[in-house]
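Shown next, in structure tokens, is the structure this report addresses.
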């Protein structure tokens, strides 16, 4: 090794230059890499946070959907029960209405029967009176008729009291 050779000193200068410049360059490169690593870590943390938030939101919406389905089923069941109740009430009201109408029809029939019976009786009485009047007119002599009238008049005061 020749210390007087310019090549040696150029090599030593180069090594010193490299050692002196390598450290700041390495530091700068390391700082740049650390900064990038921090940004990537922050992005990963943010992505993880967003993922967890999305999972919570999804779980909440799934719960809300289950609650909505359950509520819908309750509403449908209540509507079915209400429909059954209304149908039963309508059937009961129809039965009552039919019973009322049947009762009214029976009453009208009874009234019609009573009216017809009264009319038949009235006609029978009228016929009997007419027949009796004709028989009396043909059979009873005037003297006998006067005696019957006098007897009826005398009985009238006892029958009216």
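What follows is calculated from the coordinates using simple rules that are stated; it is not laboratory data. Keep in mind the model is a prediction, meaning the values are calculated, not measured. Please note: Cβ atoms are built from the backbone with ideal geometry, for glycine as well, and neighbour counts cover all protein chains shown.
If I model a spin label as a point 7 Å beyond the Cα along the Cα-Cβ vector, how far apart are those points for residue 65 and residue 5 in nm? Result for the modelled spin labels: 8.1 nm. The angle between the Cα long axis of helix 6-139 and the longest principal axis of the Cα atoms of the chain comes to about 0 degrees, rounded to the nearest 10. A crude spin-label estimate for the pair residue 128 and residue 23, with each label 7 Å from Cα along the Cβ direction, gives 15.4 nm.
Within the listed set 98, 44, 20, the Gaussian network model of the chain (springs between alpha-carbon atoms below 10 Å) gives the highest mean-square fluctuation for 20.
Between the beta carbons of residue 114 and residue 138, assuming R0 = 25 Å, the FRET efficiency works out to 0.10 to the nearest 0.05. The angle between the Cα long axis of helix 142-160 and the longest principal axis of the Cα atoms of the chain comes to about 50 degrees, rounded to the nearest 10. Between 41, 80, 64, the Gaussian network model of the chain with springs among Cα atoms under 10 angstrom shows the greatest mean-square fluctuation at 41. For the chain, with a Gaussian network of springs between Cα atoms less than 10 Å apart, report the residue from 125, 15, 69 with the top mean-square fluctuation. Checking each option, the largest mean-square fluctuation is seen for 15.
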